[in-house]
Amino acid sequence: MLRRRQAGAMLGGAAAAALLGALARPAAGQLPADPALRITWRDALRNIDFYHNAQRTGFLLQLHIWDGLVYRDPDTYQLRPLLATDWKQTDPRTIDFTLRAGVAFHNGDPLTAEDVAYTINTVVGDSSLAVPSNYTFLAGAE
């Protein structure tokens, strides 16, 4: 008798779930009045500055905000072009990068070699980096 009641309850529950599934309608998509992107993180981010945040969550967010000169292909681990289309090591201490044409900042200003040099030279002189060992090989840029 107990088994029959359990089976009946299970069938009744399955029937109710099927009925609710049949009555459910997809939500009508509407654009919000404020099209801001809202993200909830497990960890509180101290900041989102690429050079001053060593948290994994911050690193993942930074990958979606900033581009580098090159990136490491996650499948092959080879360096691939990003903001730089080409690079060559001209001597043991110097790498020349060719920047991608047509790259602009969010405000429309074009990316220049001076922008890249400014960023590198700012990092080289910063004693408050989150992971300084990532940048100790840099002497500067021009």
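Taken together, the values in this text are just the output of simple stated rules run on the coordinates, not laboratory data. Note that this is a predicted model, so its numbers are computed, not measured. Counting neighbours? That spans all protein chains shown, and the Cβs are built from the backbone with ideal geometry, glycine included.
Table for the structure above
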| quantity | calculated |
| --- | --- |
| Separation in nanometres of the label points that stand 7 Å from Cα toward Cβ, at residue 136 and residue 98 | 3.5 |
| Amide H contacts under 5 Å for residue 111, placed H, 5+ residues apart | 103, 104, 105 |
| FRET E, pair residue 78, residue 124, Förster distance 25 Å, beta-carbon r, rounded to 0.05 | 0.45 |
| Under 5 Å, built H, 5+ apart or other chain: amide partners of residue 52 | 130 |
| Relative counts (whole %) of C-alpha pair distances in segment 50-118, using bins that are 10 Å wide | 16, 43, 36, 6 |
